[in-house]
Amino acid sequence: AQQALYDLVPVRFEGGQPYLVAQAANSLYYIDPETSGALTSGAPFTSGAAITAVHFANRWYFFNGVNDNVVMASGPRWRRHGLNPVTSPPAGSTASSAFALSTSGTYEYWYTEVAKYAEGDEVESAFTGTATRVLVADPTSAHAPVLTFPSQPLNPEATHYRIYRGAARYVAGEPSNFPIGYMVGEIATSATVWTNGGTPANSSGYATS
């Protein structure tokens with residue numbers, strides 16, 4: 001079927017294939033002029049009056065003032081330019097095991113979603129909600145914070161949850177430390193529970209699993 005094309009943008013990657021990119025029928029299409037020249041659908045893209053393409057760090061960024069910006073990498077591979085912010089904190093509780101720290105107090109936790117792409121790009125969302133507070137009265141054996149995450153991420157392309165912790169609070173009603181804190185863990189979105197316990201796998205400054 002014939003497609004009504006809006007704009008035709010030439011793009012080329014460093015050491016890679018050239019393409020012609022156009023918007024049509026709510027999608028970005030691309031043509032490889034060195035092979036068949038067939039029109040191939042690349043990424044969903046609500047059509048606008050015109051598209052603008054910007055080349056940076058061997059990526060092409062497409063925007064038209066209507067659709068979310070779209071990023072094209074060599075291959076070609078496509079992704080959104082950014083992620084939606086996480087607005088709800090993880091649910092907090094405690095387990096009868098040692099805390100990763102030795103200091104009692106009320107600790108704040110929040111998380112972001114991270115998308116790790118095959119081409120090596122890594123995109124992290126923001127967190128705009130209210131941090132979860134977990135009381136650790138006995139850090140040696142009885143109150144390791146346990147965080148429970150959604151079974152599905154807010155952003156479908158997210159592959160990991162990245163976990164942050166603020167400094168201990170000691171007075172009820174004390175203002176939040178958010179967004180000041182430390183990254184204390186990272187888990188795949190297929191996991192839903194994370195314990196800030198005393199084992200190296202989930203308590204170091206940049207733990208991954």
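The values are calculated or read from the model by the stated rules, or taken from the named source; none is laboratory data. For clarity, every value in this text was computed on a predicted model and none was experimentally measured. For neighbour counting, all protein chains shown are included, and Cβ atoms are generated from backbone atoms with ideal geometry for every residue, glycine included. Protein only, heavy atoms only, side chains kept; ligands, DNA and RNA dropped before computing areas. Shrake-Rupley method; radii C 1.70, N 1.55, O 1.52, S 1.80 Å.
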Looking only at the range 115-124, how many residues end up being in contact with a Lys or Arg (Cβ under 9 Å, 6 or more places away or on another chain) and either farther than 20 Å from residue 77 by Cβ or not hydrophobic (A, V, I, L, M, F, W, C) (or both)?
5
For the range 102-209, list the strands (runs of 3 or more DSSP E) that sit wholly inside it and hold at least 2 residues that are modelled with pLDDT of 95 or more, open to solvent by 50 Å² or more (accessible area, probe 1.4 Å) and of a type in the set (Ser, Thr, Tyr); which are they?
none
Mind telling me which of the residues 84, 64 ends up being touching a Leu at 6+ places or on another chain (Cβ under 8 Å) and of a type outside the set (Gly, Ala, Ser)?
84
